[in-house]
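Below is one structure, written out as structure tokens, with a few remarks after it.
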Amino acid sequence: MNIKEITVPPFPSEKIHQSIVSVANAETYKKRIADALESAESRYNTTHLVVYGDREHFANIHYFTGYDPRFEEALLILSREQEPVILVGNEGWSYSEIIPYPVKKVLFQSLSLAGQPRESNRTVLRKTIEQAGIGKNSVTGVIGVKYYVTEEAEDFEHTIDIPHFIVKALEATDCSIVNVTDIMIHPGYGLRTCLDIDEMAVLELAGTKTSRSVYNVMTHLKPGISEVEASAYLETDGNPLVAHPNLNFTPEGARRGLDSPGNHRLCYGSVFNIGFGYRSSMVARTALYARNAGDIPAEWADIMEKIYIPYFRVIVQWYESIRIGVTGKSILAGIREKVPEYDSLGVGLNPGHLIHNDEWTSSIFTNSGEYSVKNGMAIQCDIIACPEKYPGVHIEDGLIMANAETQRLFGEKYPDNWKRIQARRKLMKEHLNIQISDEILPLSDLQGCLSPWTVDPHSVLGVR
């Protein structure tokens, strides 16, 4: 595979002033609830589901309601016999009115922030649980943050990761309790691992806005600018973010990966690292800020041949291998076969993962489980390389897998989103010469573009 530097046209820079926050219709939520109850019942013989959420772990409650706890915690109780019950704190009481279907709302002030009112609060949780029909003959499936596997817990199905006081209240009813978070995020059968048409449009919009913010930063870099000054060019609007932005100009900051912008100033030869995402998206870049190889320290003089080119070959192999029906394990094996330098690049995490409203739901790219790429999956190309003695390299963009019928429906309902996707396909296939499957819907305007020197973000690596 012959890799060389090429020049691509300017990326789109038009700002899209559009809300990413979306609330689905009532019927969509009701179907999701019914599917979850059926899945948990078939796998665990459950009678009820208890869904926990907080500011960081909002995605499961949001999936069922459109409501996300913005300051505090929340608890959703689901069953076949009764309408949904949601327990919220003081600040969630009014905001939870966005739920578009009948739901029993209960004010449980222990879910509020410390120091806020706690009037008549002590018995609310247990009474509500009992009124929802949970008792000694019930099997309560808890949807928390994660599910667990044998490597981390002997009794993994009963390892519950929601607050202890909620678990105690459930135990007081003598019900059986089991962790069923896997029905939401397991890469083989999780409900949130495949998107419907409307969710796809949300992710495409988020990817568009995110990639244009990252591009805006890259076009405004100049020697002497500080990290925090450069981050202002993200020009974030009021849409929720999926994670804390990071922007760093030092090797140490890039290796830590999650540093917030500080006061380090950019110069020729600096490391450039950025990670940013509106909710449902993430775009990241790590490379060097240089005009050419002459700007970088002598000990990194061979970084193009030793690091950048092998890394880009990994990226190409990854993109050209993704198809509906193939397994993540086989894609990883193919990378190791075609790019033997892969294991020396210092890739510490999975070479990609699934994404939904939260930045990482799970991953199909493992050495153990055989998890297939499916229609509707949203997948991040997220290969973080931290090789010894060199600065890291990282390009991260997202995509959706869609068969011909899904694409037809998407294009008809969301023509503007579809046009952007088609332009990205053209960039990848005609400019980068990465021959992606027709099933891939790229979500980032920068998809697959590795600019090794960053001073000119339009000078990238391509296949020739």
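The values are calculated or read from the model by the stated rules, or taken from the named source; none is laboratory data. Everything numeric in this text was worked out from a predicted model, so none of it was measured. When we count neighbours, we look across all protein chains shown, and the Cβ atoms used for this are built from the backbone with ideal geometry, even at glycine. Ligands, DNA and RNA are stripped out before the accessible areas are found, and what is left, the full protein with its side chains, is counted by its heavy atoms. Shrake-Rupley method; radii C 1.70, N 1.55, O 1.52, S 1.80 Å.
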If the cut-off is a Cα-Cα distance under 30 Å, which lysines reach Lys429, setting aside same-chain residues fewer than 8 apart in sequence? Lys4, Lys15, Lys209, Lys306, Lys329, Lys338, Lys374, Lys413, Lys419
Note to self, the chain gives a 222 nm [θ] from helices alone (DSSP H runs n ≥ 4, -39500 (n - 2.57) apiece, / all residues, nearest 500) of -8000 deg cm²/dmol
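Work out the P(r) tail for the range 266-306: percent of alpha carbon pairs separated by more than 12 Å, whole number. Mind dumping the intermediate values first?
On the way: 529 of 820 pairs.
In whole percent, the share of Cα-Cα pairs in the range 266-306 beyond 12 Å is 65.
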Over the range 50-164, average the accessible area per residue using a 1.4 Å probe and give it in Å², no decimals. 49
Over the chain, one equal point on each Cα, no solvent: what is log10 I(q)/I(0) by the Debye formula at q = 0.09, 0.10 Å⁻¹? -0.63, -0.77
Give the residue list of trypsin sites (Lys or Arg not before Pro) in the range 334-415 that are DSSP loop and have at most 10 other beta-carbon atoms within 10 angstrom. Lys389
Measure nothing fancy, just the Cα-based angle from helix 26-44's long axis to the longest principal axis of the chain, in degrees from 0 to 90, nearest 10. 80
Total charge dipole magnitude, the chain, about the Cα centre, Cβ charges on Lys, Arg, Asp, Glu only, Debye to nearest 20: 680
May I ask which residue of Ile274, Ala230, Leu205 lies farthest towards the positive end of the charge dipole of the range 191-307, with charges of +1 (Lys, Arg) and -1 (Asp, Glu) on Cβ and the Cα centre as origin? Ala230
Short version: ³J(HN,Hα) in whole Hz for each residue of the range 245-256, in order, from phi by Karplus 6.51 cos²θ - 1.76 cosθ + 1.60 (θ = phi - 60°), x for Gly and Pro, what are they? x, 10, 8, 9, 10, 10, x, 5, x, 5, 5, 5
Whole-Hz Karplus ³J(HN,Hα) for the range 203-220, in order, using 6.51 cos²θ - 1.76 cosθ + 1.60 and θ = phi - 60°, x for Gly and Pro? 5, 5, 4, 4, x, 5, 5, 5, 5, 6, 5, 5, 4, 4, 4, 4, 7, 10
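Net charge around Glu229, counting only other residues with Cβ within less than 12 Å of its Cβ (Lys, Arg = +1; Asp, Glu = -1)?
+1
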Whole Å is fine, so just give me how far the alpha carbon centre of the range 70-126 lies from that of the range 158-235. 22
Candidate residues Cys386, Cys175: accessible-area rank, largest first, probe 1.4 Å: Cys386, Cys175
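Please report, in debye to the nearest 20, how large the charge dipole of the range 286-346 is about its Cα centre when each Lys and Arg carries +1 at its beta carbon and each Asp and Glu carries -1 there.
So the magnitude is around 340 debye.
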Suppose we flag GluC sites (Glu not before Pro) only when DSSP calls them loop and at most 16 other Cβ atoms lie within 10 Å. Which is the longest uninterrupted stretch of the chain? 236-369
On the full set of protein chains, 1.4 Å probe, figure out the accessible area of Val85 and give it in Å² to the nearest 10. 10
Extreme residue, positive dipole direction of the chain, given options Gly325, Leu111, Asn367 (C-beta unit charges): Gly325
Mind putting a number on the dipole of the range 345-433 about its Cα centre? Charges go on the C-beta only, +1 for Lys and Arg and -1 for Asp and Glu, and I need it in Debye to the nearest 20. 440
Might you work out the accessible area of Met1 for me, using a 1.4 Å probe with all protein chains in place, and round it to the nearest 10 Å²? 120
Less than 28 Å apart at the alpha-carbon level, and either on another chain or at least 8 residues along: which lysines does that give for Lys104? Lys30, Lys31, Lys127, Lys136, Lys146, Lys168
Using alpha-carbon positions, what is the distance between the centroids of the range 322-383 and the range 404-464, in Å? 19
